[in-house]
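Participant: This is the structure, below, for whatever I ask next.
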Amino acid sequence: GFSLTPQLLYFFNNNLPIGAALNLEYQDADDNDATTFFIGPVASYYFGGDKIRPFGEAMIGLGSAKWGDKYRVFGMNLNAGVSYFFNDHFALDGAMGYGYRGYTNSDDSNAKIKDNNFGVLLSFTVLF
């Protein structure tokens, strides 16, 4: 599967961007493909450095999923990594992350699925 998470962030200072993110995921299962989307707030914190800057990031969100049935989703991502800033407007990010998804069936609130995952992330950041 894969995940795509575009973010719109505002830097309150050189180290603290806060904003919103949209998380889109696709998982290819044996008998059922899953598509998940959720939106919510995101905050990052960059440490020291000029070109190479370690960071931590957290996102929570609410959304929906289709996995055979329809589900309501609560999602959370926690990432830690390093960004290499080519200039003031473009960076390459590498990180390790943890993701949690709580799925509740839209037709039967007693039918719930919990998903925990870890992953390696590679992304590009464009700053305005």
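Participant: State, as an integer percentage, the relative contact order of the chain based on alpha-carbon contacts under 8 Å between residues 6 or more apart.
Facilitator: Here the relative contact order equals 16 percent.
Participant: Sorting check: for 3-10, 109-116, 63-70, which peptide has the highest mean count of neighbouring beta carbons within 10 Å, and how do the rest follow?
Facilitator: Numbers: 3-10: 13.9, 109-116: 10.9, 63-70: 15.8.
Listed from highest to lowest mean packing, they are 63-70, 3-10, 109-116.
Participant: Here's a follow-up. Leaving out same-chain residues fewer than 8 places away, which aspartates and glutamates sit with a Cα under 14 Å from that of Lys70?
Facilitator: By straight Cα distance, Lys70 reaches Asp33, Asp107, Asp108.
Participant: Follow-up question, since we're still on this one. What accessible area per residue, rounded to a whole number of Å², is obtained for the range 23-128 using a probe radius of 1.4 Å?
Facilitator: On the way: 6540 Å² over 106 residues.
Per residue, the range 23-128 has an accessible area of 62 Å².
Participant: On to the next question. May I ask you to list the aspartates and glutamates whose Cα is less than 15 Å away from that of Lys51, ignoring any residue fewer than eight positions away on the same chain?
Facilitator: Straight-distance partners of Lys51: Asp88, Asp93.
Participant: Moving on to the next point. Along the range 64-75, what does the Karplus equation 6.51 cos²θ - 1.76 cosθ + 1.60 (θ = phi - 60°) give for ³J(HN,Hα), rounded to whole Hz, x for Gly and Pro?
Facilitator: 9, 8, 10, 9, x, 8, 9, 10, 8, 10, 10, x
Participant: To continue, here is another question. Once you charge only the Cβ atoms, +1 for Lys and Arg and -1 for Asp and Glu, what is the size of the charge dipole of the chain about its Cα centre, to the nearest 20 debye?
Facilitator: Values: 8 positive and 13 negative charges, 78 e Å.
In total the dipole reaches around 380 debye.
Participant: Please compute the modelled spin-label separation between Gln7 and Arg72, points set 7 Å along Cα→Cβ, answer in nm with one decimal.
Facilitator: 2.7 nm
Participant: Quick one: check the C-alpha center-to-center distance for the range 103-118 versus the range 21-97, whole angstrom.
Facilitator: Computed from Cα coordinates, the inter-centre distance equals 20 Å.
Participant: Quick check: from the Cα gyration tensor, does the chain come out rounded (a/c under 1.5), prolate or oblate?
Facilitator: On the way: a/c = 2.68, a/b = 2.19, b/c = 1.22.
Prolate shape, in that a/c is at least 1.5 and a/b is the bigger ratio.
Participant: If you don't mind, another one. Can you tell me, using C-alpha contacts under 8 Å and at least 6 residues apart, the relative contact order of the range 71-113 as a whole percent? Before the final figure, lay out each step's value.
Facilitator: On the way: 63 pairs, mean separation 18.4, N = 43.
After rounding, I find 43 percent.
Participant: Let me ask something else. Taking the Cα centre of the chain as the origin and placing charges on Cβ (Lys, Arg +1; Asp, Glu -1), which of Val42, Asn77, Ile113 is farthest toward the positive end of the dipole?
Facilitator: Going by the charge dipole, the pick is Val42.
The values are calculated or read from the model by the stated rules, or taken from the named source; none is laboratory data. None of these values were measured; they are calculated from a predicted model. Quick reminder, even Gly has a Cβ in these numbers, built from the backbone with ideal geometry, and neighbours come from all protein chains shown. Ligands, DNA and RNA are stripped out before the accessible areas are found, and what is left, the full protein with its side chains, is counted by its heavy atoms. Shrake-Rupley method; radii C 1.70, N 1.55, O 1.52, S 1.80 Å.
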